[in-house]
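Data block below; observations after.
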Amino acid sequence: MGIFLKKDGKPAFSGWIPVPAFALVLVIILSGWIVNGGSSAVETGQKSVVEVDYPDPEAADQVEVALTFDDGPHPVWTEKLLDGLKDRGIRATFFVIGKSAGEYPELIQRMVEDGNQVGNHTYSHVQLTACSEDDALDEIRKTQEVIYQAAGISARYIRPPFGSWNEKLQEETSLEAVLWDVDPYDWKVQNTDAVVKSILQQTEDGSIILLHDVYETSVEAALKVADIFLERGYRFCTVDEIMIE
């Protein structure tokens, strides 16, 4: 089966040229593309493929970000995360709970051996500004001891749970408080794609990204984001590198 086009604009039947049917399909597709303004969204039969507005790839070598993870270690998801980071050559910062770190010291040791940074996230995830000063300092001190026993290092940074910190606590400890500027609320939504989308929308040069390595969806999202940013030449830093710069 085929269609026929007139040769030299002459209507004579003898001058018509047979053309395969697929050419008609091509004409129809191209016509639709032009009518729709050359849109690059493609209908897959399920959802349209939507382009993501990434930062300028030409400036990608200037972009540095820090992945940070709170509330671990978790015996399953932290190990999976460490495997994924190592495979990609990425270093991250882990703000660990002292109680959990004491239960899984081998994971703290591996974090350090893989080149990651380990920080303090209190012993039992309490709001430090709601505690007495003595209790707050004890939460910090006990976690410091657990980290040292597990990996032989002293944490330099603390991420206070809920971001609750004050000048008095800063005066009483040598640790530097680290907050964040990208929060996808991964603990709340627990949806991999939603977390990825949120991070992509918020991240810029120098961003500190907050995630939690105690949820499967958060670990999956972190590794997906890592692949996207690596493809664009982003550099992953530990918190100390970001803060020094």
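The values are calculated or read from the model by the stated rules, or taken from the named source; none is laboratory data. This one's a predicted model, so the numbers in the text were calculated from it and none came from an experiment. For neighbour counting, all protein chains shown are included, and Cβ atoms are generated from backbone atoms with ideal geometry for every residue, glycine included. SASA here: full protein model, heavy atoms, side chains in, ligands and nucleic acids out. Shrake-Rupley method; radii C 1.70, N 1.55, O 1.52, S 1.80 Å.
A few remarks follow.
- Checking region 90-111 against the condition returns a match, with at least one residue being surrounded by fewer than 19 Cβ atoms within 10 Å (Cβ to Cβ), at pLDDT 95 or above and in contact with a Leu (Cβ under 9 Å, 6 or more places away or on another chain).
- Counted residues, region 133-162 - those being open to solvent by 60 Å² or more (accessible area, probe 1.4 Å) and assigned to a loop (DSSP other than H, G, I, E, B): 2
- Residues in region 116-132 that are open to solvent by less than 30 Å² (accessible area, probe 1.4 Å) and among the small types (Gly, Ala, Ser): 119 only.
- Counted residues, region 78-89 - those being in contact (Cβ under 8 Å) with a residue 12 or more places away in the chain and open to solvent by 60 Å² or more (accessible area, probe 1.4 Å): 4
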